[in-house]
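Report on one structure; see the data block that follows.
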Amino acid sequence: MPYDFDLFVIGGGSGGTRCARIAASYGARVGVAEERFWGGTCVNVGCVPKKLMVQAAEYGSWAEDARGFGWNITKDAHDWRAFIAKKDQEIDRLQAIYKSMLQKAGAREFEAHVRFIDPHTLDVGGETVTAERIVIATGSTPFKADIPGADLAGITDDLFYLHERPGCIAIVGGGYSAVEFACIFAGLGTEVHLIYRQPLPLRGFDCDLREAVAEAMEAQGIHLHHGVIPTHILAEGPTGDQRRLHLSDTTDILVDYAVLTTGRVPNLHGLNLDASGVALNEAGAVRVDRGSRTSVPHIYAIGDVTDRLNLTPWAIAEGHALADTLFGNNPREASVENVPTAVFSVPPLATVGLAEEDAAKLGPVDIYVSRFTPMRHTLTGRAGRRTLMKLVVDQRSQRVLGAHMLGEDAAEIMQGVGIAVRMGATKQDFDRTIGIHPTAAEEFVTMRTRTRVAGVAEAAE
Ligand code: NDP
């Protein structure tokens, strides 16, 4: 039976768009549906507007820092509404680009919700379409921890559309979003309370980075409430607009706005997945193999909906590899190993490869750590801007297993270091590379003295 489409992609976010576009460029008859906004979370309520917000926050401190270099720049309060209007304009532009890229590639796009009718048939906004192959690329959606009064708190999506910048905000969670928004709002002049249940933010990151980011946030005046969770959230104030958070250490705080950044869950709502036969894993994400194949042979899933590595570039890599495999006569899989990542805190942190704790479980590792004040801040005198750089090196092979940095331009620097780590570079390869002077990045190739050895005990077990 001929199908309407060779491939139908459900979801027009980063991964889905790339997969649809590349498949169409190989001549496949492709349909792609998006129910909310083209470009998905990354373009609309994630990476892109978040990075613009980070940049907005940075300008304030730059205006102050300029004094250290002889400039006298008067700094007024930040104009939130003006910034949000500019940000919205840019997001509209990017949305249009995403849509037109699909059109140019020859894919047919639908602005509609999709439901499975059977494993090859979809209801796309009331229209019934059939497809030989289907890709589920519906992403993820913020998840609110089960805290009494959670409905009085916002989610990260809301932060991009606030009418006013809150004077005081409570951010619950200690992950990527929590740390990033804490620094953004602090930089814009908001009093920030960051509430997380671990001793340090960013569980899973290298221990030295976690300590360094906590120190940097504290130096910016962010109130860190570690090892606690809110026990309940109440509305308060003359108009009921304020929020009081009672914390498990029996303290409480009153803020203008509270947001829960307690993770994300796969977005499967209303998809009628049962009709497709696709199986989920224990965590409620779509179960896939390394080739993005679900339990149904002609149905695939990519990106956050599979809850493996919830990063835009990974979803894009997966979507591209899948299109190459299915229609480009180039079977391949995207690799989850040594994926560099960054948290856009102030200063940012970036990492590739293994944290010290994880590497130490595999055997003895040489640890190189360097901490210094970046050149700029010797003149500005700004506190909380110390840079941390760290290499985790396998003692036997001298391969660099992990590189970590907190400091200005960390994300830009780590992209290149990521290539070296991925290629299996050794510490000696790093040492042989001549530094670019004067930069912070050169520290990665000039760390001569080992700071400590880790993992001997673990290796002996
Ligand atoms: P994360 O999964 O990164 O962090 C969730 C946080 O909420 C953790 O600190 C977690 O604590 C805490 N938490 C979870 N449940 C509860 C609970 N019941 N009570 C109290 N605290 C709780 O979520 P994010 O929303 O920050 O980010 C989601 C994903 O999106 C990230 O993992 C990342 O993959 C991606 N992302 C990437 C960014 C980037 O590349 N720069 C930016 C933003 C997001 P605990 O650690 O104890 O579990």
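3J(HN,Hα) along region 288-296, derived from phi through the Karplus expression 6.51 cos²θ - 1.76 cosθ + 1.60 where θ = phi - 60°, amounts to 9, 9, 5, x, 6, 7, 7, 6, 9 Hz, with x in place of Gly and Pro.
Quick one: grab the alpha carbon gyration tensor of region 170-216, order the square roots of its eigenvalues as a ≥ b ≥ c, and give me rounded if a/c is under 1.5, else prolate or oblate depending on whether a/b is larger than b/c. Prolate. The smallest convex shape that holds all Cα atoms of region 152-268, its convex hull, gives 114 Å³ per residue.
Listed by chain and number, the lysines placed with their C-alpha closer than 17 angstrom to that of K427 are K390; residues fewer than eight positions away on the same chain are left out.
Amide H to amide H distances under 5 Å link G154 with A258, V259, L260, where only residues 5 or more positions off or on other chains count and H is placed in the peptide plane.
Note: the chain, Cα convex hull, 176 Å³ per residue. Relative protection proxy for 192-204, 227-239, from highest mean packing down: 192-204, 227-239 (other beta-carbon atoms within 10 angstrom). Available extension along the chain between D252 and S25 is 76.1 nm, counting 0.36 nm per residue and deducting the alpha carbon span.
Surface analysis of the chain yields an accessible area of 46 Å² per residue, using protein heavy atoms and a 1.4 Å probe. Report Rg/Rh for region 319-414, rounded to two decimals, where Rg is the Cα radius of gyration and Rh the Kirkwood radius. For region 319-414, the value is 1.14.
With the largest listed first and rounded to whole Å, the semi-axes of the equivalent ellipsoid of region 27-186 from the Cα gyration tensor are 39, 21, 12. A simple rule links phi to the HN-Hα coupling: the Karplus curve 6.51 cos²θ - 1.76 cosθ + 1.60 with θ = phi - 60°, which for region 90-106 gives 5, 5, 4, 4, 5, 4, 5, 5, 4, 5, 6, 5, 5, 4, 4, 6, x Hz, with x for Gly and Pro. Once the Kirkwood radius over Cα pairs is known for region 63-140, the Stokes-Einstein relation at 20 °C and 1.002 mPa s delivers a diffusion coefficient of 124 µm²/s. Ordering of 442-449, 104-111 by packing is 104-111, 442-449, highest average first (other Cβ atoms within 10 Å, averaged per residue). Translational diffusion coefficient, Stokes-Einstein: compute it for region 1-43 using the Kirkwood radius over C-alpha pairs as Rh, at 4 °C and 1.567 mPa s, and state it as an integer in µm² s⁻¹. Taking Rh from Cα pairs, D becomes 122 µm²/s. Largest to smallest in accessible area, the residues S100, S25 fall in the order S25, S100 (1.4 Å probe, all protein chains included).
Taking θ as phi - 60° and the Karplus parameters 6.51, -1.76 and 1.60, the scalar couplings of region 27-33 work out to x, 6, 8, 10, x, 9, 10 Hz in sequence order, x denoting glycine and proline. For G175, the residues 5 or more places off, or on other chains, whose built amide H falls under 5 Å of its own are L202. When a 1.4 Å probe is rolled over the protein heavy atoms, the share of accessible surface on region 349-433 that falls to carbon and sulfur comes to 51 percent. As a length-normalised measure over Cα pairs under 8 Å and 6 or more apart, the relative contact order of the chain settles at 16 percent. Taking the accessible area of region 47-157, probe 1.4 Å, and keeping the other protein chains in place, the carbon and sulfur fraction comes to 52%.
Sparse packing (at most 13 other Cβ atoms within 10 Å of the Cβ) combined with a DSSP loop state is found for the following GluC sites (Glu not before Pro) in region 247-356: E282, E337. Carbon-plus-sulfur accessible fraction, region 211-266 (probe radius 1.4 Å, protein heavy atoms only): 52%. Counting Lys and Arg as +1 and Asp and Glu as -1 over every other residue whose Cβ lies under 14 Å from the Cβ of I419, the net charge comes to -2. In this calculation the C-beta distance from E211 to H269 is compared with R0 = 45 Å, giving a FRET efficiency of 0.70.
Under a model in which nothing but the beta-carbon of Lys, Arg (+1) and Asp, Glu (-1) is charged, region 1-70 shows a dipole of about 80 debye around its Cα centre.
The values are calculated or read from the model by the stated rules, or taken from the named source; none is laboratory data. Since this is a predicted model, take the numbers as computed values, not measurements. When we count neighbours, we look across all protein chains shown, and the Cβ atoms used for this are built from the backbone with ideal geometry, even at glycine. To get the accessible areas, we keep the full protein, side chains included, count just its heavy atoms, and leave off ligands, DNA and RNA. Shrake-Rupley method; radii C 1.70, N 1.55, O 1.52, S 1.80 Å.
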